Amino acid sequence: MMTLKNTIENKAKIEALKTIKETWWVGNITFDNLDKCLASINMNTSNSGWYQPIPVEINGLSGIFVINEDGSLFFEQRIIKLADKFLIEFLSDAGYTQFEKKYSEVINELTL
């Protein structure tokens, strides 16, 4: 089973995601199971159509994220488990702006 690779980029993505406000996640696409959510999210990645997306929960973050085929974190969408369904949320424009700012800061700190 693939796991999230221990890379500077993944570390920076996780640190950046920790600065995202809950209100910066938006979405209303729901499915009745996790596998359907993973397949839907995979269509928005650069993964192959044959790739079986791997879910990951990360300490300090809400929701379930997808591990890409290359072991990197797909940060733009997350899955929230509701009582009887699964909700896919997308990073809003404000969230993406904050993510890019913090990601750049962390990358610069980690690569110096």
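The values are calculated or read from the model by the stated rules, or taken from the named source; none is laboratory data. Keep in mind that this is a model prediction, so the values were computed, not measured. Every residue, glycine as well, gets a Cβ built from its backbone with ideal geometry; the counts of neighbours run over all protein chains shown.
Give all pairs with beta carbons closer than 7 Å in which a residue from segment 45-73 that is of a type in the set (D, E, K, R) meets a residue that is modelled with pLDDT of 95 or more and surrounded by 11 or more Cβ atoms within 10 Å (Cβ to Cβ); count only pairs at least 6 apart in sequence or on separate chains.
Partner pairs satisfying both residue conditions: 57/64.
Could you tell me which of the residues 14, 58, 54, 41 is under 14 Å from the mean Cα position of the chain (by Cα), surrounded by 15 or more Cβ atoms within 10 Å (Cβ to Cβ), more than 14 Å from residue 79 (Cα to Cα) and modelled with pLDDT of 95 or more?
Every option except 14 fails the conditions.
How many residues does segment 17-38 contain that are surrounded by fewer than 14 Cβ atoms within 10 Å (Cβ to Cβ), of a type in the set (S, T, N, Q) and closer than 28 Å to residue 108 by Cβ?
Summing the residues that are surrounded by fewer than 14 Cβ atoms within 10 Å (Cβ to Cβ), of a type in the set (S, T, N, Q) and closer than 28 Å to residue 108 by Cβ in segment 17-38 gives 1.
Tell me, please, whether a residue that is modelled with pLDDT of 95 or more, on the phi < 0 side of the Ramachandran plot, part of a helix (DSSP H, G or I) and touching a Pro at 6+ places or on another chain (Cβ under 7 Å) can be found in segment 25-37.
Yes, segment 25-37 contains a residue that is modelled with pLDDT of 95 or more, on the phi < 0 side of the Ramachandran plot, part of a helix (DSSP H, G or I) and touching a Pro at 6+ places or on another chain (Cβ under 7 Å).
Do any residues in segment 83-112 that are more than 21 Å from residue 44 (Cα to Cα) have Cβ atoms under 6 Å from those of residues that are surrounded by fewer than 19 Cβ atoms within 10 Å (Cβ to Cβ) and not hydroxyl-bearing (Ser, Thr, Tyr), where the two are at least six apart or on different chains, and which pairs are they?
Filtered contacts from segment 83-112: 106/15; 110/8.
Are any residues in segment 52-97 in contact with a Phe, Trp or Tyr (Cβ under 7 Å, 6 or more places away or on another chain), outside any strand (DSSP E or B) and either closer than 15 Å to residue 10 by Cα or not small (Gly, Ala, Ser) (or both), and if so, which ones?
Once the filter is applied, which keeps residues that are in contact with a Phe, Trp or Tyr (Cβ under 7 Å, 6 or more places away or on another chain), outside any strand (DSSP E or B) and either closer than 15 Å to residue 10 by Cα or not small (Gly, Ala, Ser) (or both), segment 52-97 yields 58, 68, 69, 85.
Let me spell it out: the conditions are (1) within 12 Å of the chain's Cα centre (by Cα); (2) on the phi < 0 side of the Ramachandran plot, and residue 63 meets all of them except one. Which number is the exception?
If we test residue 63 against (1) within 12 Å of the chain's Cα centre (by Cα); (2) on the phi < 0 side of the Ramachandran plot, just (2) comes out false.
Quick check on my filter: what residues within segment 91-112 are over 15 Å from residue 18 (Cα atoms) and among the hydrophobic types (A, V, I, L, M, F, W, C)?
110, 112
For every residue, the table says whether it meets (1) within 27 Å of residue 105 (Cα to Cα); (2) out of contact with any strand residue (DSSP E or B) (no Cβ under 7 Å at 6 or more places or on another chain).
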{"position": "40", "(1), (2)": "no, no"}
{"position": "49", "(1), (2)": "no, yes"}
{"position": "54", "(1), (2)": "no, no"}
{"position": "57", "(1), (2)": "yes, no"}
{"position": "60", "(1), (2)": "yes, yes"}
{"position": "68", "(1), (2)": "yes, no"}
{"position": "74", "(1), (2)": "yes, no"}
